[in-house]
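Please treat every number below as a calculation from the coordinates, not as lab data. Values in this document were obtained by computation on a predicted structure and should not be read as measured data. Note that each Cβ is placed from the backbone with ideal geometry, even for glycine, and that neighbours are counted across all protein chains shown.
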Amino acid sequence: MFTGLIEDIGTVRAVDRRGGGLSIGVRTALPIAEIAVGASIAVDGACLTAERFDADCFYAVAGRETLSVTTLGDVRVGQAVHLERALAVGDRLGGHLVQGHVDGIAMLRSRADTTESVVLWFEAPAESARYIAAKGSVCLAGVSLTVNERDGCRFRVNVVPHTARATRFGSMRPGEAVNLEVDVLAKYVERLLSGGGSPGMSLSLETLARSGFLR
């Protein structure tokens with residue numbers, strides 16, 4: 001589990017194809033000595049398992065499924081990637097609950113720089129867009145952001161100056177692809193509304209509203 005608050009921008013040092021998977025080496029300023037073998041690290045929002053280390057680099061394997069739904073299939077040596085270690089019990093939850101389970105790839109369609117923020121419009125795959133709501137949370141390239149507006153499959157986020165400096169969003173340009181993870185709560189609400197495949201378990205929006213769940 002992650003929060004969507006980036007700890008470091010790492011650099012891909014090695015890419016090694018292994019059958020249908022990929023071994024990735026990432027140079028990082030994170031304290032390597034404090035990362036255990038088997039630890040989870042979100043790389044551009046995709047949860048990977050650290051398998052080995054050297055002085056300033058960790059190595060992880062992305063499997064076939066991960067490569068099919070993330071941007072890691074096109075990763076290259078020298079590329080910058082967002083990094084976040086898994087949330088520890090007792091840590092402040094500054095972003096929102098992020099699983100590191102990428103739902104698909106969103107495309108940056110437009111960018112406008114204003115005095116107070118960088119305004120970005122992204123387009124999500126139709127199967128993921130239904131989970132995105134104005135004022136809700138979304139994770140893009142591992143970064144927790146608030147959706148300010150939605151128009152069909154497109155949605156707008158405003159990146160404040162600190163986030164623009166601490167992430168790649170400060171230099172991102174239209175046409176770039178990013179990993180997208182929607183808020184997991186939206187998926188569970190949908191399952192409750194549909195009955196989750198169990199007869200008699202369906203809930204209506206009216207029922208949820210009366211219960212206070214949607215307040």
Next on the checklist: What's the ranking of 127-136, 62-71 by average number of surrounding C-beta atoms within 10 Å, highest first?
Outcome noted: 62-71, 127-136
Checklist entry - Whole-Hz Karplus ³J(HN,Hα) for the stretch 94-108, in order, using 6.51 cos²θ - 1.76 cosθ + 1.60 and θ = phi - 60°, x for Gly and Pro? => result x, x, 8, 5, 10, 8, x, 9, 5, 8, x, 10, 9, 10, 6
Next on the checklist: Taking the Cα centre as origin and putting +1 on Lys and Arg beta-carbons and -1 on Asp and Glu beta-carbons, what dipole magnitude results for the chain, to the nearest 20 debye?
Outcome noted: 280 debye
Checklist entry - Any idea how far the Cα center of the stretch 144-182 sits from the one of the stretch 22-46, in Å? => result 23 Å
Checklist entry - Using Cα atoms only, what is the angle between the long axis of helix 184-194 and the major principal axis of the chain, expressed in degrees (0 to 90) to the nearest 10? => result 30 degrees
Checklist entry - Taking the Cα centre of the stretch 8-85 as the origin and placing charges on Cβ (Lys, Arg +1; Asp, Glu -1), which of Leu30, Ile9, Ser68 is farthest toward the positive end of the dipole? => result Ser68
Checklist entry - Once Rh for the stretch 76-157 is found with the Kirkwood sum over Cα pairs, what is the Stokes-Einstein diffusion coefficient at 4 °C and 1.567 mPa s, in µm²/s? => result 91 µm²/s
